Amino acid sequence: MQFADILPQLWPSLIWPLIRLIFFISVGLLVANFIESLNWTSKIAALSRPLIRLGNLSETAGASFSMALFSGVSANTMLSEAYEKKTIVKKELILSNLFNSLPTYFLHLPTVFFITAPLIKGAAIIYVGLTFGAAIFRTVSIVILSRFLLPAVEHPKTQQAETETQKNTMINWKGALEKSWKRFKKRIRKIIHYTVPIYILIFIMHRVGIFDALEAGMADYLSFLPWLTPQSMGIITLHIAAEFTAGLAVAGALLQEGSMDYREVVLALLVGNVLSSPVRAIRHQFPYYAGIFQPRMAAELIVYSQIFRVGSLMLMGCIYFVFTL
(Lines give C-alpha, C1' and ligand atoms only; values in the text may rest on other atoms or scores of the structure.)
Protein backbone atom coordinates (compact mmCIF):
# COMPACT_ATOMS: atom_id res chain seq x y z
CA MET A 1 0.00 0.00 0.00
CA GLN A 2 1.42 3.38 -1.02
CA PHE A 3 1.65 6.43 1.23
CA ALA A 4 -1.00 8.19 -0.90
CA ASP A 5 -3.44 5.42 0.04
CA ILE A 6 -2.53 5.47 3.73
CA LEU A 7 -2.66 9.27 4.12
CA PRO A 8 -6.50 9.60 3.90
CA GLN A 9 -6.78 7.06 6.74
CA LEU A 10 -4.17 8.68 8.97
CA TRP A 11 -5.19 12.31 8.39
CA PRO A 12 -8.39 12.45 10.53
CA SER A 13 -7.17 10.15 13.31
CA LEU A 14 -3.47 10.99 13.68
CA ILE A 15 -2.03 13.78 11.53
CA TRP A 16 -4.74 16.45 11.97
CA PRO A 17 -5.14 15.89 15.77
CA LEU A 18 -1.36 16.06 16.14
CA ILE A 19 -1.19 19.30 14.14
CA ARG A 20 -3.95 20.79 16.34
CA LEU A 21 -2.11 19.69 19.49
CA ILE A 22 1.17 21.28 18.37
CA PHE A 23 -0.70 24.44 17.33
CA PHE A 24 -2.39 24.91 20.72
CA ILE A 25 0.86 24.13 22.56
CA SER A 26 2.63 26.71 20.37
CA VAL A 27 -0.01 29.38 21.08
CA GLY A 28 0.18 28.68 24.81
CA LEU A 29 3.98 28.82 24.72
CA LEU A 30 3.97 32.15 22.86
CA VAL A 31 1.47 33.67 25.30
CA ALA A 32 3.44 32.49 28.34
CA ASN A 33 6.74 33.79 26.91
CA PHE A 34 5.19 37.13 25.96
CA ILE A 35 3.69 37.65 29.43
CA GLU A 36 7.03 36.89 31.03
CA SER A 37 8.88 39.19 28.60
CA LEU A 38 6.53 42.03 29.61
CA ASN A 39 7.06 41.23 33.31
CA TRP A 40 3.31 40.88 33.80
CA THR A 41 3.59 37.86 36.08
CA SER A 42 2.89 39.85 39.25
CA LYS A 43 -0.02 41.69 37.63
CA ILE A 44 -1.73 38.48 36.55
CA ALA A 45 -0.98 36.80 39.89
CA ALA A 46 -2.96 39.55 41.65
CA LEU A 47 -6.17 37.65 40.79
CA SER A 48 -5.15 34.80 43.07
CA ARG A 49 -2.90 36.64 45.53
CA PRO A 50 -4.92 35.86 48.71
CA LEU A 51 -4.69 32.14 47.99
CA ILE A 52 -1.01 32.10 47.05
CA ARG A 53 -0.12 34.11 50.15
CA LEU A 54 -2.04 31.69 52.33
CA GLY A 55 -0.31 28.75 50.68
CA ASN A 56 3.22 30.23 50.64
CA LEU A 57 3.20 29.96 46.86
CA SER A 58 5.19 32.23 44.54
CA GLU A 59 3.95 34.87 42.09
CA THR A 60 4.65 32.38 39.30
CA ALA A 61 2.18 29.93 40.83
CA GLY A 62 -0.39 32.74 41.12
CA ALA A 63 0.10 33.79 37.51
CA SER A 64 -0.19 30.18 36.38
CA PHE A 65 -3.42 29.79 38.41
CA SER A 66 -4.92 32.87 36.76
CA MET A 67 -3.79 31.83 33.26
CA ALA A 68 -5.34 28.37 33.74
CA LEU A 69 -8.74 30.08 33.56
CA PHE A 70 -8.03 30.71 29.86
CA SER A 71 -5.31 28.27 28.77
CA GLY A 72 -4.01 25.18 30.54
CA VAL A 73 -1.07 25.02 28.13
CA SER A 74 0.04 28.58 28.96
CA ALA A 75 -0.36 27.91 32.69
CA ASN A 76 1.78 24.77 32.56
CA THR A 77 4.35 26.45 30.32
CA MET A 78 4.81 29.18 32.94
CA LEU A 79 5.51 26.54 35.58
CA SER A 80 7.87 24.62 33.32
CA GLU A 81 9.85 27.74 32.41
CA ALA A 82 10.13 28.76 36.07
CA TYR A 83 11.28 25.27 37.08
CA GLU A 84 13.94 25.17 34.36
CA LYS A 85 15.19 28.59 35.50
CA LYS A 86 15.21 27.25 39.09
CA THR A 87 12.98 30.08 40.31
CA ILE A 88 10.69 27.39 41.76
CA VAL A 89 11.69 24.00 43.17
CA LYS A 90 10.21 20.64 42.20
CA LYS A 91 7.96 20.57 45.27
CA GLU A 92 6.38 23.90 44.33
CA LEU A 93 6.07 22.83 40.69
CA ILE A 94 4.00 19.79 41.71
CA LEU A 95 1.89 21.74 44.20
CA SER A 96 1.32 24.59 41.73
CA ASN A 97 0.23 22.19 39.01
CA LEU A 98 -2.27 20.61 41.42
CA PHE A 99 -3.31 24.08 42.59
CA ASN A 100 -4.56 24.78 39.07
CA SER A 101 -7.30 22.15 39.23
CA LEU A 102 -10.04 24.69 40.04
CA PRO A 103 -9.43 27.12 37.15
CA THR A 104 -8.91 24.14 34.83
CA TYR A 105 -12.31 22.86 35.94
CA PHE A 106 -13.89 26.25 35.20
CA LEU A 107 -12.32 26.16 31.74
CA HIS A 108 -14.26 22.99 30.89
CA LEU A 109 -17.36 23.68 33.00
CA PRO A 110 -19.57 25.21 30.26
CA THR A 111 -18.94 22.27 27.93
CA VAL A 112 -19.64 19.68 30.63
CA PHE A 113 -22.82 21.37 31.83
CA PHE A 114 -24.35 21.98 28.40
CA ILE A 115 -23.69 18.35 27.43
CA THR A 116 -25.11 16.85 30.63
CA ALA A 117 -28.15 19.13 31.12
CA PRO A 118 -30.13 18.15 27.99
CA LEU A 119 -29.49 14.44 28.55
CA ILE A 120 -29.93 13.89 32.31
CA LYS A 121 -31.82 17.10 33.18
CA GLY A 122 -31.92 17.77 36.95
CA ALA A 123 -29.28 15.12 37.67
CA ALA A 124 -26.83 17.33 35.75
CA ILE A 125 -27.00 20.00 38.47
CA ILE A 126 -26.21 17.40 41.15
CA TYR A 127 -23.41 15.77 39.13
CA VAL A 128 -21.77 19.06 38.11
CA GLY A 129 -22.17 20.35 41.68
CA LEU A 130 -20.37 17.31 43.09
CA THR A 131 -17.51 17.55 40.57
CA PHE A 132 -17.27 21.29 41.32
CA GLY A 133 -17.11 20.50 45.03
CA ALA A 134 -14.31 18.02 44.30
CA ALA A 135 -12.36 20.72 42.43
CA ILE A 136 -12.77 23.17 45.34
CA PHE A 137 -11.68 20.46 47.79
CA ARG A 138 -8.53 19.80 45.75
CA THR A 139 -7.60 23.49 45.64
CA VAL A 140 -8.22 24.03 49.37
CA SER A 141 -6.22 20.88 50.17
CA ILE A 142 -3.27 22.08 48.09
CA VAL A 143 -3.33 25.51 49.75
CA ILE A 144 -3.20 23.82 53.18
CA LEU A 145 -0.46 21.40 52.12
CA SER A 146 1.58 24.21 50.57
CA ARG A 147 1.24 26.21 53.78
CA PHE A 148 3.08 23.46 55.65
CA LEU A 149 5.41 22.14 52.93
CA LEU A 150 6.72 25.39 51.45
CA PRO A 151 8.72 28.13 53.18
CA ALA A 152 7.11 31.53 53.63
CA VAL A 153 7.39 33.81 50.59
CA GLU A 154 7.74 37.59 50.79
CA HIS A 155 5.28 39.04 48.31
CA PRO A 156 5.58 42.66 47.15
CA LYS A 157 3.25 45.11 48.85
CA THR A 158 0.32 46.36 46.81
CA GLN A 159 1.75 49.87 46.35
CA GLN A 160 5.11 48.47 45.29
CA ALA A 161 3.43 46.06 42.87
CA GLU A 162 1.44 48.90 41.31
CA THR A 163 4.62 50.95 40.88
CA GLU A 164 6.33 48.02 39.16
CA THR A 165 3.29 47.54 36.94
CA GLN A 166 3.42 51.20 35.86
CA LYS A 167 7.09 50.80 35.02
CA ASN A 168 6.36 47.64 33.07
CA THR A 169 3.84 49.46 30.88
CA MET A 170 6.81 51.44 29.47
CA ILE A 171 8.46 48.27 28.16
CA ASN A 172 9.43 48.01 24.52
CA TRP A 173 6.71 45.90 22.90
CA LYS A 174 8.89 45.13 19.90
CA GLY A 175 11.67 43.96 22.20
CA ALA A 176 9.25 41.77 24.15
CA LEU A 177 7.97 40.19 20.93
CA GLU A 178 11.51 39.53 19.70
CA LYS A 179 12.49 38.00 23.03
CA SER A 180 9.34 35.86 23.08
CA TRP A 181 9.91 34.63 19.53
CA LYS A 182 13.55 33.79 20.21
CA ARG A 183 12.64 31.73 23.26
CA PHE A 184 9.71 30.16 21.41
CA LYS A 185 11.90 28.85 18.58
CA LYS A 186 14.28 27.28 21.06
CA ARG A 187 11.52 25.72 23.14
CA ILE A 188 9.24 24.48 20.35
CA ARG A 189 11.96 22.22 18.93
CA LYS A 190 12.20 20.45 22.27
CA ILE A 191 8.42 20.17 22.55
CA ILE A 192 8.09 18.63 19.08
CA HIS A 193 11.00 16.30 19.82
CA TYR A 194 9.07 14.75 22.72
CA THR A 195 5.41 15.30 21.83
CA VAL A 196 5.32 13.87 18.30
CA PRO A 197 6.87 10.42 18.99
CA ILE A 198 4.91 10.02 22.25
CA TYR A 199 1.65 10.97 20.53
CA ILE A 200 2.33 8.48 17.73
CA LEU A 201 3.17 5.78 20.28
CA ILE A 202 -0.10 6.43 22.16
CA PHE A 203 -1.96 6.33 18.82
CA ILE A 204 -0.42 2.94 17.96
CA MET A 205 -1.20 1.57 21.43
CA HIS A 206 -4.80 2.67 20.96
CA ARG A 207 -5.05 1.13 17.49
CA VAL A 208 -3.67 -2.26 18.58
CA GLY A 209 -6.24 -2.36 21.38
CA ILE A 210 -4.12 -1.86 24.50
CA PHE A 211 -6.34 0.89 25.92
CA ASP A 212 -9.50 -0.98 24.92
CA ALA A 213 -8.25 -4.04 26.80
CA LEU A 214 -7.47 -1.95 29.89
CA GLU A 215 -10.87 -0.28 29.81
CA ALA A 216 -12.73 -3.54 29.17
CA GLY A 217 -10.84 -5.17 32.04
CA MET A 218 -11.86 -2.38 34.38
CA ALA A 219 -15.45 -2.59 33.23
CA ASP A 220 -15.53 -6.36 33.87
CA TYR A 221 -14.64 -6.00 37.54
CA LEU A 222 -17.50 -3.90 38.81
CA SER A 223 -18.86 -6.59 41.11
CA PHE A 224 -16.91 -5.03 43.99
CA LEU A 225 -19.59 -2.33 44.00
CA PRO A 226 -22.63 -4.37 45.07
CA TRP A 227 -24.77 -1.28 45.71
CA LEU A 228 -24.84 -0.41 42.01
CA THR A 229 -27.96 -1.43 40.11
CA PRO A 230 -27.73 -3.53 36.90
CA GLN A 231 -28.74 -0.48 34.86
CA SER A 232 -25.81 1.44 36.41
CA MET A 233 -23.38 -1.16 35.08
CA GLY A 234 -24.33 -0.27 31.51
CA ILE A 235 -23.71 3.45 32.10
CA ILE A 236 -20.34 2.80 33.75
CA THR A 237 -19.21 0.31 31.10
CA LEU A 238 -19.96 2.77 28.29
CA HIS A 239 -18.37 5.62 30.28
CA ILE A 240 -15.16 3.58 30.52
CA ALA A 241 -15.10 1.74 27.20
CA ALA A 242 -16.51 4.49 24.98
CA GLU A 243 -16.86 8.19 25.83
CA PHE A 244 -18.54 10.31 28.51
CA THR A 245 -21.40 11.22 26.15
CA ALA A 246 -22.17 7.54 25.48
CA GLY A 247 -22.75 6.92 29.17
CA LEU A 248 -24.80 10.11 29.39
CA ALA A 249 -26.99 9.04 26.48
CA VAL A 250 -27.79 5.73 28.18
CA ALA A 251 -28.42 7.51 31.50
CA GLY A 252 -30.79 9.93 29.80
CA ALA A 253 -32.75 7.10 28.18
CA LEU A 254 -33.03 5.19 31.47
CA LEU A 255 -34.20 8.33 33.27
CA GLN A 256 -36.79 8.96 30.60
CA GLU A 257 -38.14 5.42 30.96
CA GLY A 258 -38.20 5.66 34.76
CA SER A 259 -35.76 2.74 35.13
CA MET A 260 -33.37 4.85 37.22
CA ASP A 261 -33.67 7.86 39.48
CA TYR A 262 -31.35 10.86 39.83
CA ARG A 263 -29.38 9.30 42.69
CA GLU A 264 -28.55 6.11 40.77
CA VAL A 265 -27.55 8.05 37.65
CA VAL A 266 -25.29 10.46 39.54
CA LEU A 267 -23.53 7.65 41.42
CA ALA A 268 -23.05 5.66 38.21
CA LEU A 269 -21.55 8.68 36.43
CA LEU A 270 -19.20 9.37 39.35
CA VAL A 271 -18.00 5.76 39.39
CA GLY A 272 -17.49 5.85 35.62
CA ASN A 273 -15.58 9.12 35.95
CA VAL A 274 -13.28 7.67 38.62
CA LEU A 275 -12.57 4.43 36.75
CA SER A 276 -12.01 6.03 33.34
CA SER A 277 -9.79 8.91 34.50
CA PRO A 278 -6.39 7.14 34.71
CA VAL A 279 -6.52 5.58 31.22
CA ARG A 280 -7.77 8.78 29.61
CA ALA A 281 -5.05 10.77 31.34
CA ILE A 282 -2.41 8.55 29.75
CA ARG A 283 -4.08 8.66 26.34
CA HIS A 284 -4.93 12.37 26.12
CA GLN A 285 -2.88 14.25 28.73
CA PHE A 286 0.55 12.62 28.67
CA PRO A 287 1.53 13.48 25.05
CA TYR A 288 1.18 17.25 25.58
CA TYR A 289 2.49 17.19 29.15
CA ALA A 290 5.63 15.42 27.92
CA GLY A 291 6.19 18.26 25.48
CA ILE A 292 5.93 20.97 28.12
CA PHE A 293 7.74 19.15 30.93
CA GLN A 294 10.37 16.42 30.78
CA PRO A 295 8.64 13.04 30.16
CA ARG A 296 9.55 11.73 33.63
CA MET A 297 8.27 14.90 35.28
CA ALA A 298 5.14 14.79 33.10
CA ALA A 299 4.41 11.26 34.31
CA GLU A 300 4.89 12.32 37.95
CA LEU A 301 2.56 15.29 37.58
CA ILE A 302 -0.14 13.15 35.96
CA VAL A 303 0.14 10.51 38.71
CA TYR A 304 -0.20 13.11 41.48
CA SER A 305 -3.02 14.83 39.61
CA GLN A 306 -4.96 11.60 39.15
CA ILE A 307 -4.50 10.59 42.80
CA PHE A 308 -5.95 13.92 43.95
CA ARG A 309 -8.70 13.91 41.32
CA VAL A 310 -9.85 10.36 41.95
CA GLY A 311 -9.60 10.81 45.72
CA SER A 312 -11.69 13.99 45.69
CA LEU A 313 -14.36 12.44 43.44
CA MET A 314 -14.56 9.38 45.68
CA LEU A 315 -14.97 11.63 48.71
CA MET A 316 -17.80 13.59 47.06
CA GLY A 317 -19.41 10.34 45.94
CA CYS A 318 -19.27 8.87 49.46
CA ILE A 319 -20.77 12.04 50.96
CA TYR A 320 -23.56 12.04 48.40
CA PHE A 321 -24.19 8.29 48.91
CA VAL A 322 -24.46 8.63 52.70
CA PHE A 323 -26.64 11.76 52.67
CA THR A 324 -29.08 10.29 50.13
CA LEU A 325 -29.64 6.92 51.84
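Overview of results
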{"quantity": "Subset of the stretch 106-126 [among the aromatic types (Phe, Trp, Tyr) and either at pLDDT 85 or above or within 18 Å of the chain's Cα centre (by Cα) (or both)]", "calculated": "106, 113"}
{"quantity": "Residue tally, condition modelled with pLDDT of 75 or more and surrounded by fewer than 11 Cβ atoms within 10 Å (Cβ to Cβ), over the stretch 168-192", "calculated": "2"}
{"quantity": "Of all residues making up the stretch 273-309, the number that are among the hydrophobic types (A, V, I, L, M, F, W, C), open to solvent by less than 30 Å² (accessible area, probe 1.4 Å) and either in contact with a helix residue (DSSP H, G or I) (Cβ under 6 Å, 6 or more places away or on another chain) or not in a helix (DSSP H, G or I) (or both)", "calculated": "9"}
{"quantity": "Inter-residue pairs, beta-carbon under 7 Å, first modelled with pLDDT of 80 or more and in the stretch 137-164, second assigned to a helix (DSSP H, G or I) and open to solvent by 80 Å² or more (accessible area, probe 1.4 Å), 6+ apart", "calculated": "143/54; 147/54; 149/91; 150/91"}
{"quantity": "Answer residue from the stretch 94-105, given it is without any contact (Cβ under 8 Å) to a residue 60 or more places away in the chain and within 30 Å of residue 246 (Cα to Cα) and is surrounded by the most Cβ atoms within 10 Å (Cβ to Cβ) among those", "calculated": "100"}
{"quantity": "The stretch 263-299, residues that are at pLDDT 90 or above and in contact with a Lys or Arg (Cβ under 9 Å, 6 or more places away or on another chain)", "calculated": "297"}
{"quantity": "Check on residue 250, farther than 19 Å from residue 135 by Cα, open to solvent by 40 Å² or more (accessible area, probe 1.4 Å) and in contact with a Gly (Cβ under 9 Å, 6 or more places away or on another chain)", "calculated": "yes"}
{"quantity": "Considering residues of the stretch 310-325 that are farther than 17 Å from residue 125 by Cα and touching a helix residue (DSSP H, G or I) at 6+ places or on another chain (Cβ under 9 Å) only, the residue most open to solvent (accessible area, probe 1.4 Å)", "calculated": "314"}
{"quantity": "Residue list for the stretch 56-89, filter: hydrophobic (A, V, I, L, M, F, W, C) and not in a helix (DSSP H, G or I)", "calculated": "57, 68, 69, 70, 88, 89"}
{"quantity": "Residue that is nearest to the chain's Cα centre (by Cα), among those in the stretch 1-58 that are of a type in the set (D, E, K, R), modelled with pLDDT of 75 or more and open to solvent by 70 Å² or more (accessible area, probe 1.4 Å)", "calculated": "20"}
{"quantity": "Residue 266 vs. criteria β-branched (Val, Ile, Thr), part of a helix (DSSP H, G or I) and either open to solvent by less than 30 Å² (accessible area, probe 1.4 Å) or more than 30 Å from residue 26 (Cβ to Cβ) (or both)", "calculated": "yes"}
{"quantity": "Filter result for residue 126 (open to solvent by 50 Å² or more (accessible area, probe 1.4 Å) and β-branched (Val, Ile, Thr))", "calculated": "yes"}
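So that you can scan it fast, the table gives a plain yes or no per residue for (1) open to solvent by 50 Å² or more (accessible area, probe 1.4 Å); (2) among the polar types (S, T, N, Q); (3) free of Cβ contacts under 8 Å to residues at least 24 places away in the same chain:
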| residue | (1), (2), (3) |
| --- | --- |
| 69 | yes, no, no |
| 76 | no, yes, no |
| 80 | no, yes, no |
| 84 | yes, no, yes |
| 88 | no, no, no |
| 92 | no, no, no |
| 107 | yes, no, no |
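The values are calculated or read from the model by the stated rules, or taken from the named source; none is laboratory data. Keep in mind that what you see is a predicted model, and the values were worked out from it rather than measured. Please note: Cβ atoms are built from the backbone with ideal geometry, for glycine as well, and neighbour counts cover all protein chains shown. Note: accessible area is taken over every heavy atom of the protein model, side chains too, but ligands, DNA and RNA are not part of it. Shrake-Rupley method; radii C 1.70, N 1.55, O 1.52, S 1.80 Å.
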